[in-house]
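The values are calculated or read from the model by the stated rules, or taken from the named source; none is laboratory data. As the structure is a prediction and not an experimental result, all values here were calculated from the model. Don't worry about glycine lacking a Cβ; one is built from the backbone with ideal geometry, like all the others, and counts go over all protein chains shown. Accessible surface areas use protein heavy atoms only, side chains included; no ligands, DNA or RNA. Shrake-Rupley method; radii C 1.70, N 1.55, O 1.52, S 1.80 Å.
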Amino acid sequence: MDEHAFYHADMPLSEVLKTDYRLHMTLSFVGVKLGFCPQATIKEVCALNNVDHNFFLFLGNIYTFDNYSPEHYPESLSFEDSLRYVLKVHDYTQKEIFPHTEQGFASVQNQLSPSDRTQMEETLKSFFSIFNKYHSDFDQVLENYRKTHQSLDATNTQVLLAQIDEIVIRIKRMIEILPDKEECSQFKYFLSFLTIHIAKHEKLMKYALKPMFTYTDVF
């Protein structure tokens, strides 16, 4: 898909939401309320909600298109807008994703063999532990950046991002453990969605929070 296929300001927002339903959550996080005219463009709806349409386009394109890359990054993008969004995602993860994951496991554990149940419990525990460590480390990086305006060095940047990779590994492991049963399909679907969500979140951090981190690789 070439860059002309990316979302742009004059597209009707309703059409964008039909293309990728996951962007309903993005709308909520940036402060855009539903109930707008079906023909209203992204630019028009964002203006009515006092939201920078370039920021929504940036988020929408990251979440929908795998080939959306740094050369499409809008230089006018507000670091504070990006940071507020990332922190909302973190808050959502802890308040909504964690409980949903626990509930999902509770709903399928009777479908697991004793050995698979033990593996799932251990993997789930590790998943929560790494996720909480990542959030804690991120908060420390943010606090230091606000005090000193110094970026995290390259080594520690890679350590932080590696935690996200470890989180994804744990989720994929849980998917592998789940048997191919109808009773497990809903939880498996949720975990698959979560894998994509976290991968997109990592991409968002790399692009939108560049001032906080030092990168040695090209992404």
Select from the range 148-186 the residues that are free of Cβ contacts under 8 Å to residues at least 12 places away in the same chain and of a type in the set (Ser, Thr, Tyr) and write down the one among them that is surrounded by the most Cβ atoms within 10 Å (Cβ to Cβ). SER185
Looking only at the range 82-109, which residues are under 15 Å from the mean Cα position of the chain (by Cα) and open to solvent by 20 Å² or more (accessible area, probe 1.4 Å)? ARG84, LEU87, LYS88, ASP91, TYR92, GLN94, LYS95, GLU96, PHE98
Checking VAL108 against (1) β-branched (Val, Ile, Thr); (2) closer than 23 Å to LYS200 by Cα; (3) touching a Cys at 6+ places or on another chain (Cβ under 8 Å): exactly one of these is not met. Which one? (2)
Tell me, yes or no, whether the range 10-17 has at least one residue that is polar (S, T, N, Q), outside any loop (DSSP other than H, G, I, E, B) and in contact with a Leu (Cβ under 7 Å, 6 or more places away or on another chain). no
Residue by residue through the range 47-63, note down the ones that are open to solvent by 50 Å² or more (accessible area, probe 1.4 Å) and closer than 16 Å to ALA208 by Cα. ASP52, ASN54
Would you check if GLU44 is under 23 Å from GLU202 (Cα atoms) and open to solvent by 40 Å² or more (accessible area, probe 1.4 Å)? no
Any chance you could count how many residues in the range 128-147 are open to solvent by 20 Å² or more (accessible area, probe 1.4 Å) and within 17 Å of THR93 (Cα to Cα)? 8
So which of ASP10, ASP66, ASP20 is open to solvent by 20 Å² or more (accessible area, probe 1.4 Å), under 28 Å from THR195 (Cα atoms) and either free of Cβ contacts under 8 Å to residues at least 60 places away in the same chain or among the small types (Gly, Ala, Ser) (or both)? ASP66
